[in-house]
Amino acid sequence: MILDSKIPEGPLAEKWDKHKFNVKLVNPANKRKYDVIVVGTGLAGASAAATLGELGYNVKAFCFQDSPRRAHSIAAQGGINAAKNYQNDGDSVFRLFYDTIKGGDYRAREANVYRLAQVSVNIIDQCVAQGVPFAREYGGLLANRSFGGAQVSRTFYARGQTGQQLLLGAYSALNRQIAYGKVKMYPRTEMLDLVMVDGKARGIVVRNLVTGKIESHSAHAVVLATGGYGNVFFLSTNAMGSNATAAWRAHKKGALFANPCFTQIHPTCIPVSGDYQSKLTLMSESLRNDGRVWVPKTVEIAQRLRKGEIRVQDIKEEDRDYYLERKYPAFGNLVPRDVASRNAKLMCDEGRGVGASGLAVFLDFADAIKREGQPAIAAKYGNLFDMYAKITDENPYENPMRIYPAVHYTMGGLWVDYNLMTNIPGLYATGECNFSDHGANRLGASALMQGLADGYFVIPYTIGDYLAQNPTTKVTTDHPAFKEAEQAVIAKNNQLLSINGTRTVDDFHKALGLLMWDYCGMARNAEGLKFAKQEIRKLRDEFWRDVKVVGVNEELNITLEKANRVADFLELGELMVDDALNRNESCGGHFREEYQTPENEALRDDENYAYVAAWEFTGVGNDAILHKEDLKFENVKLTQRSYK
Amino acid sequence: MNWFTKTFSSTIGRKIIMSITGLFLCSFLVVHLVGNLTLFRQDGGEAFNIYSHFMANNPIIRTMEFVLVAGFLFHIYDAIVLTRRNKAARPVGYANSHPEQNSTWSSRNMGLLGTIILVFLLVHLWNFFVPARFGGLEGVPNAEYLNLYSEVVLAFKNPIYVGLYVISMIALAYHLIHGFQSAFQSLGLTHKKYTPFIQKFGYAFSVLICLGFAAIPLYFFFFV
Amino acid sequence: MAGSNPNAKPMDLTLKVWRQKNRETAGAMVTYPVKGISPDMSFLEMLDVLNEDLLRSGQDPIAFDHDCREGICGMCSLYINGRPHGPERGTTTCQLHMRHFNDGDTITIEPWRAAAFPVHKDLVVDRSAFDRIQQAGGYVSINTGGVPDANAIPIGKSIADKAFDAATCIGCGACVAACKNASAMLFVSAKVSQLAMLPQGKVEAKTRVENMVAQMDIEGFGACSNTGACAAECPVGISLENIAIMNREYLSAKATSEHVA
């Protein structure tokens, strides 16, 4: 298979405009003859469904939640980047492009990222017109802040709830199309298979999560906007329902899965408090602007602290190791997410972690409070401190916070070309579901930007290009391909329901999560990855032998829902391990212990690994086939990151 | 339905009617109390009887009486319609509910309070309005007016009436404490500057008006 | 493994939970003992523990809505000990922690109760009425593209902040659950007033409020008695003032709009 990224010819800055002119258009009167399915109603899905409806296509939108407004885009806190240069501080489309490519450790496509930076400015205009209440200055114009170590203030924000406000904006646009009848919304409905007819994506099979009814829907194109797969790790900052099933089942139907090992671990999360823990909560990384990260200098002190023999206040200044400041004098506590996360893990691995579990490090505001006073610190971080206190029942003004890294975002996803179409004709992937824009590491405030860019401003053009070249002829869901897919889904559900084993779905999910975290998490090595691969296979076999799913299909069955998702995670986990094992370099969120500089920094191998690893499914238990898309860098110079 | 009936049969429309009629009835209370204060004059009921004669015969007052009746009827009718709708909005209740932790008792029991007030109103009309309007009052010697005052004295020597009146005025006070400021909220008349005043004024208004009314039977029972 | 507080003792509790198979079947309160609950658990994690136990013994786990578990998606509900989202003010159920309960407590857990929120199963209710109300007008009628530059519409900071306060509604339905009339006024008014305050939304403010209120009534929610229970129980602090704004908007729209039907 030859991967054609379909990147338009010409200078970087002109590619998108040229492409927009070159794409075929669908006659306005013909648009109503085309049906498009959009799965997922987060930023990428809701914006796409609304915009396609506005253009005149018949859209069917699906989400597993009870309302499109619940999608996990809603939980994004920090903000959304846009190259508006409203602050006159030297921002530009090229600078945003450059920062994003570099931040991704040079593992993203130049053309895609440049387009993202270009349309970023339109997103802000669109959202403001919808009534999204962005933060404003006293003069009535929009406010910006710098975020994630960026040197310019290009982040637009709505308090700590930017994702919520953007999603509600997209949701309102979607609602308008639902009211017009251009979008038919199917909430509490989960996609369980992709249906292909004559090699093209022509529909999906879904399960109504309330009645259990298995139904098919046909269309001329299918857009997957189903988010990331961070929940492979069981514990992550994702929502409980976030899952990879739609994308994974498309993968099993032939869509390539790209860079699955690129996962982002966020350093400032609230640590695990017990084995009942169901998810992890992120706190904005802005905390590291004033907080100092440390652990006890010796294992012995850490042990006594964990046992409660001493209090944190008893640890003398000289017995504290401010390890980020020690190791990275230039950047100190503000090193990038991946570096901060990895070092926290190193400390805990050494036995110097804190908290009862030993899996946490301190984030200490004592000096900042001494320097600026408690009111000043409360003004900056009050809501985060409150959130921390609510969850941990500790007062972070008096005791240092305890933090630990947590899985947050997955840069990998379905392989797509410049048009956001997968290798399956008519199947598109947008937002976190695809792999295209963040390379090996995503910068803060870029996820919202990408989701909305894809949905509002990319897909509406590129999907027209495909549809215009395809007849308006409809396939009905009576087509054998649909019947076959339905039968497969029903068979799978029945199999899950009939095992009646002894271990719960969550049991398996937790076991998988632990394996992934230990061997395919913040730091990986070949030996561990090989071990994990075997263990995952064993676990998967056991799952299909011993999982316990109660009830029947024809009801609201939360265990069956979960079982389907975890069954897919058990397959996807293995592919992540394969990908991590294949990539013999360290880059961004992927850190292979064998490949580091003498100073323990990520050592990229641009010579051999400047490619997208796109994997082809060959059957459960068989090794996937690797397809490479070489990345060409014509506009940026590849450099090694250093934070010393 | 045209837009007008549609508007006033919507939930908000009905609340607007409740507010307007409620505030109108508040104004009636003021007039009524001011008139009744003549009962406290030590003149053997002369001022009161003149006042009641005026009220019974002045054409403007008589016209306003119809408006007043309409106010009551709309207020009661909409209350019934809304209560039925509100009950239907929650056909299955909670096994365990603690509304006292999120709202005041009076705000949740306007229907109950209103019903007490309605019962009182009927008794009250039977006591005074019916005899005054449809005969049954004795005349006052050498005067053109009838002696409603003696009815008042008679009624308020009866401890059951006094008790009913006082309890009803307490109910009215609680009804007004919520209803007065609530009317402004329903009409959308809120403002950072004025709403706190309206709330305080409403509270004082409710308490003072009802104290004034309740003082009358107590005064007659204990002091006359 | 103990959590942040090593001295926190595990608790034994008695849960009384509403169980209902589906919309058509009658439900009932069922009692479950739970043991060894850590005070550091969230309320939903406590239910997870119970559900794992139920599952292991072959029983149907309790269905409840939840997703982000960060207090922002609005999916979690639960009427806990007589109050929506439980005893802590300004807190969604997913952010409620077990340390607010005591060893030996009996906790009742019920679904939101409203005719407009029929029970799907156990504690899961159908809140699609909220979506339909939003579809009736909770938007600015603009298409993607062709909008003015974001800074072409200056908006005073105080108005922007006030609109934001209204826009933070998470659509959980606690207001309906708390209201003795199962009224949705706080929810509807949050969107109406957010858009009525902003210049972008003013253009179609009249039709918006007319249509959204009409849909609210069609869905069968009760009327507002101004008890304030909704705002008191709102996990994100949506203000009652929004209801007043909506009343005002509605009255003026009805009086001045050109919709005569």
Exercise. Working only within segment C:65-89, note down all residues that are surrounded by fewer than 24 Cβ atoms within 10 Å (Cβ to Cβ), part of a loop (DSSP other than H, G, I, E, B) and at negative phi.
Key: C:70, C:87, C:88, C:89
Practice problem: Pick out, from segment A:160-218, the strands (runs of 3 or more DSSP E) lying fully within it that include 1 or more residues that are among the aromatic types (Phe, Trp, Tyr) and within 25 Å of the chain's Cα centre (by Cα). | Solution: A:183-186
Quiz prompt | helices (runs of 4 or more DSSP H) lying entirely in segment A:526-620 (those with 1 or more residues that are of a type in the set (Gly, Ala, Ser), within 14 Å of chain C (Cβ to nearest Cβ) and within 22 Å of residue A:498 (Cβ to Cβ)) | solution = A:558-582
Quiz item: Restricting the search to segment C:196-209, which residues are facing chain A (nearest Cβ under 9 Å) and among the small types (Gly, Ala, Ser)?
Solution: C:201
Quiz item: Looking at B:114, B:93, B:44, which is the one that is modelled with pLDDT under 95 and farther than 17 Å from residue B:32 by Cβ?
Solution: B:44
Self-check item: From the options A:145, A:136, A:115, residue that is more than 20 Å from the chain's Cα centre (by Cα) and more than 8 Å from chain C (Cβ to nearest Cβ)
Solution: A:145
Quiz prompt | Filter result (part of a helix (DSSP H, G or I), of a type in the set (S, T, N, Q) and free of Cβ contacts under 8 Å to residues at least 60 places away in the same chain) within segment B:10-59 | solution = B:21, B:27, B:38, B:57
Quiz item: Mind checking which pairs have a first residue in segment C:221-237 that is more than 7 Å from every other protein chain (Cβ to nearest Cβ) and under 14 Å from residue B:90 (Cβ atoms) and a second that is modelled with pLDDT under 95 and assigned to a helix (DSSP H, G or I), Cβ under 9 Å, 6 or more apart or different chains?
Solution: none
Exercise. Would you list the helices (runs of 4 or more DSSP H) that sit entirely within segment A:275-351 and hold 3 or more residues that are within 14 Å of chain C (Cβ to nearest Cβ)?
Key: A:299-307
Quiz item: Any chance segment C:173-195 includes a residue that's away from chain B (no Cβ under 14 Å), at pLDDT 95 or above and more than 14 Å from the chain's Cα centre (by Cα)?
Solution: yes
Quiz item: Can you name the residue in segment B:85-139 that is aromatic (Phe, Trp, Tyr) and within 12 Å of chain C (Cβ to nearest Cβ) and, of all such residues, is surrounded by the most Cβ atoms within 10 Å (Cβ to Cβ)?
Solution: B:94
Exercise. Only residues that are among the hydrophobic types (A, V, I, L, M, F, W, C) and facing another protein chain (nearest Cβ under 7 Å): list them for segment C:117-129, please.
Key: C:124
Practice problem: Return only the number of the condition from (1) more than 24 Å from residue B:95 (Cβ to Cβ); (2) touching an Asp or Glu at 6+ places or on another chain (Cβ under 9 Å); (3) hydrophobic (A, V, I, L, M, F, W, C) that residue C:76 does not satisfy. | Solution: (1)
Exercise. Please tell me if residue A:83 is of a type in the set (Gly, Ala, Ser), in a loop (DSSP other than H, G, I, E, B) and within 29 Å of residue A:384 (Cα to Cα).
Key: yes
Quiz item: So how many residues does segment A:91-127 have that are on the phi > 0 side of the Ramachandran plot and either modelled with pLDDT under 95 or in a helix (DSSP H, G or I) (or both)?
Solution: 1
Quiz item: Across segment C:203-258, which residue is farthest from residue C:162 (Cα to Cα) among those that are of a type in the set (S, T, N, Q) and not in a helix (DSSP H, G or I)?
Solution: C:257
Quiz prompt | Subset of segment C:50-93 (residues that are within 14 Å of chain B (Cβ to nearest Cβ) and of a type in the set (Ser, Thr, Tyr)) | solution = C:77, C:79, C:91
Exercise. Give A:111, A:143 a once-over and let me know the one that is in contact with an Asp or Glu (Cβ under 6 Å, 6 or more places away or on another chain) and among the hydrophobic types (A, V, I, L, M, F, W, C).
Key: A:143
Practice problem: Give me the pairs, please: first residue somewhere in segment C:133-145 and more than 7 Å from chain A (Cβ to nearest Cβ), second residue anywhere and in a loop (DSSP other than H, G, I, E, B), beta-carbon distance under 8 Å, and either six or more positions apart or on two chains. | Solution: C:133/C:184; C:133/C:219; C:137/C:204
Quiz item: What number of residues in segment C:108-129 are among the acidic types (Asp, Glu), within 16 Å of residue A:187 (Cβ to Cβ) and assigned to a strand (DSSP E or B)?
Solution: 0
Self-check item: Count of segment A:178-196 residues which are of a type outside the set (A, V, I, L, M, F, W, C), under 18 Å from residue A:43 (Cβ atoms) and buried (at least 24 other Cβ atoms within 10 Å of the Cβ)
Solution: 0
Practice problem: Look through C:102, C:81 and report the one residue that is within 19 Å of the chain's Cα centre (by Cα) and not assigned by TED's automatic domain parsing to the domain that holds residue C:193. | Solution: C:81
Self-check item: Residues within segment A:303-357 that are under 22 Å from residue A:105 (Cβ atoms), small (Gly, Ala, Ser) and crowded, with 16+ Cβ neighbours inside 10 Å, tallied
Solution: 4
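The values are calculated or read from the model by the stated rules, or taken from the named source; none is laboratory data. Computed from a predicted structure; not experimentally measured. Cβ: placed from backbone, ideal geometry, glycine included. Neighbour counts: every protein chain shown.
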